[in-house]
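The values are calculated or read from the model by the stated rules, or taken from the named source; none is laboratory data. Computed from a prediction, not measured in an experiment: that's the story for all the values here. Counting neighbours? That spans all protein chains shown, and the Cβs are built from the backbone with ideal geometry, glycine included. Accessible surface is based on the protein model in full, side chains and every heavy atom, while ligands, DNA and RNA are left aside. Shrake-Rupley method; radii C 1.70, N 1.55, O 1.52, S 1.80 Å.
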Amino acid sequence: MEPRTYAIRTFGCQMNEHDSLRIAGLLEADGLTEAASPDEADVVVLNTCCIRENADNKLYGTLGHLKAEKQRRPSLEIVVAGCLAQKDRDVVRERAPHVDVVLGTHNVHRAAELLHDARTHGPITEILEAAAADDHDRFPSALAARHDHGYAAWVTIQIGCDNSCAFCIVPAVRGPEMSKPFDALVDEVRALADQGVTEVTLLGQNVNSYGRDVALAARKRGEAVRVRPRFADLLRAVGAVDGIERVRFTSPHPKDLGTDVVEAMGATAAVCEHLHLPLQSGSDRVLKAMHRGYTADRYLERLAVARAGVADLAVTTDIIVGFPGETDDDFERTLEVVAEAGYDSAYTFIYSPRPGTEAAEMVGAFVPPEVVAERFARLTDVVERSARMRHEARVGLLEEVVVEGRSRRDPADLTGRTRQNKLVHFAAAPMRPGTYATVQVTGAGPHHLRGELVEQVAAARHRTRIAVTAAG
Ligand code: SAM
Ligand code: SF4
């Protein structure tokens, strides 16, 4: 009998993509194979995000389409996972009774089991309110993730968030910060390196507070607190793993970016010269209303320390336009900080109220959509100008790239990624993704570079498929 097939559709952030890869690993461990086309899949998983605008419309639109498909093919199984499922569990069931499994953010590890249960007992909703702190099996990153590319992997070092940014739903849906034990993480990276992975991205909502929960929990238990595991030490330890050439991380919170992290970045050859430092707004008034815990000056000071400590640093950010109560003057401050920070790129978001967050209640202060649209367009211009300048400054330089595959713009070209996390398109005969090469930069746009191949440096080492292993 042909094995059943699956397809996963991810709506949302990097953390979600990471969860999707874990779900893929679990389903494969359960004997399923990835469907050649999503339209033919026997199991469709929709991994949702409630952080971005319109996530629910997209989900219910897709579910409507799948309802018709399920009438045609009753054996089709539908799973809804992720933070929208966590938050709107009953709504999903009510609006889409044809869904077989609804699972939340704390029980991703149960995806395959729940599908089995649903086959015998009918539709299931299982949402846990919190991750169990003492149960490693439930820690999502206890399962090593398979990355799309095979040569690179994401490693979740921390889940949840202890901050309370007024616009953000993450603390409500992901719960408090929980750090994965230091040694388990280093072991996980070693296991990945053994499989030929050369690049890891450490993931968390506030990576530089990594380990704080461990110390707090020990204190609560009345134990003398031993040295707290720190993010800076983790960067050094992961960077020292044999075979790991590139270490990335996202996101550090500006209020917690200590000099120790900058020193570790500068001193660890494998840590890439890229810092994603979310600004959100350049207005002190708005930053305060958001509860971000820093002022624009403080942010710029920390950025200056990072630039001084890490040579040739690329900096990217997240910015929200139209937070409730944002005035023209507040927005001008944001443009000023963006110009001063000299970003290489920025993710720009239009504020969207997430029910259950503090800012969603500030209805009287919502900024009219036409004002937001105009600000957003101006911000995009300023960001693109900054990005283009940073990119043009690289023309003529030699860059190490990791080949990602054929360019989507022109299949005759290859696309690679620099240590600064920039895409470079260059003409070359096919090379396996994961190959290291040197490219000379010959041109620049706001979102990519162009280059010429100088030489291939190292062949990709990974096996085509990385086995999913329990590590932790
Ligand atoms: N933990 C990171 C930090 O503190 O900056 C951010 C993580 S958040 C999942 C990713 C980005 O989504 C945020 O930096 C913010 O810019 C954006 N975002 C979150 N909630 C939003 C909302 N309600 N409206 C618009 N953008 C939002
Ligand atoms: Fe959300 Fe703020 Fe936590 Fe980031 S730090 S995840 S924006 S609450």
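I'm checking my understanding of the structure. Among residues of the range 289-309 that are under 18 Å from R390 (Cα atoms) and among the small types (G, A, S), which one is farthest from ligand 2 (Cβ to nearest atom)?
Checking each candidate, the answer is A308.
Of the conditions (1) open to solvent by 20 Å² or more (accessible area, probe 1.4 Å); (2) more than 8 Å from ligand 1 (Cβ to nearest atom); (3) farther than 20 Å from L275 by Cβ, Y351 satisfies every one except a single condition; which number is it?
Looking at each condition in turn, Y351 falls short on (2).
Restricting to the range 381-402, and then to whatever is hydrophobic (A, V, I, L, M, F, W, C) and open to solvent by 80 Å² or more (accessible area, probe 1.4 Å), can you tell me which residue is nearest to T317 (Cα to Cα)?
M389
Would you kindly identify the helices (runs of 4 or more DSSP H) lying entirely within the range 283-347 that contain at least 3 residues that are closer than 16 Å to R378 by Cβ, open to solvent by less than 20 Å² (accessible area, probe 1.4 Å) and touching a Leu at 6+ places or on another chain (Cβ under 9 Å)? Walk me through it before giving the result.
On the way: elements: 284-290, 296-309, 328-341.
Correct list: 328-341.
Within the range 206-258, count every residue that is in a helix (DSSP H, G or I), open to solvent by 60 Å² or more (accessible area, probe 1.4 Å) and of a type in the set (D, E, K, R).
Total meeting the criteria: 5.
Say we look at the range 236-263 and pick out the residues that are closer than 24 Å to N163 by Cβ and touching a Ser or Thr at 6+ places or on another chain (Cβ under 6 Å); which of these is farthest from ligand 2 (Cβ to nearest atom)?
Result: R248.
Considering (1) open to solvent by less than 20 Å² (accessible area, probe 1.4 Å); (2) assigned to a helix (DSSP H, G or I); (3) closer than 17 Å to L114 by Cβ, say which one L66 fails and leave the rest.
Tallying (1) open to solvent by less than 20 Å² (accessible area, probe 1.4 Å); (2) assigned to a helix (DSSP H, G or I); (3) closer than 17 Å to L114 by Cβ, L66 fails exactly one: (3).
Scan the range 357-376 and report the pairs whose first residue is in contact (Cβ under 8 Å) with a residue 40 or more places away in the chain and whose second residue is away from ligand 1 (no atom under 14 Å from the Cβ) and assigned to a helix (DSSP H, G or I), with Cβ atoms within less than 7 Å and a gap of 6+ or a chain change.
Close Cβ pairs (under 7 Å, with a partner that is away from ligand 1 (no atom under 14 Å from the Cβ) and assigned to a helix (DSSP H, G or I)) amount to R375/F331.
If we keep just the residues of the range 157-195 that are of a type in the set (D, E) and within 16 Å of ligand 1 (Cβ to nearest atom), which is nearest to the chain's Cα centre (by Cα)?
Only one residue tops the list, namely E177.
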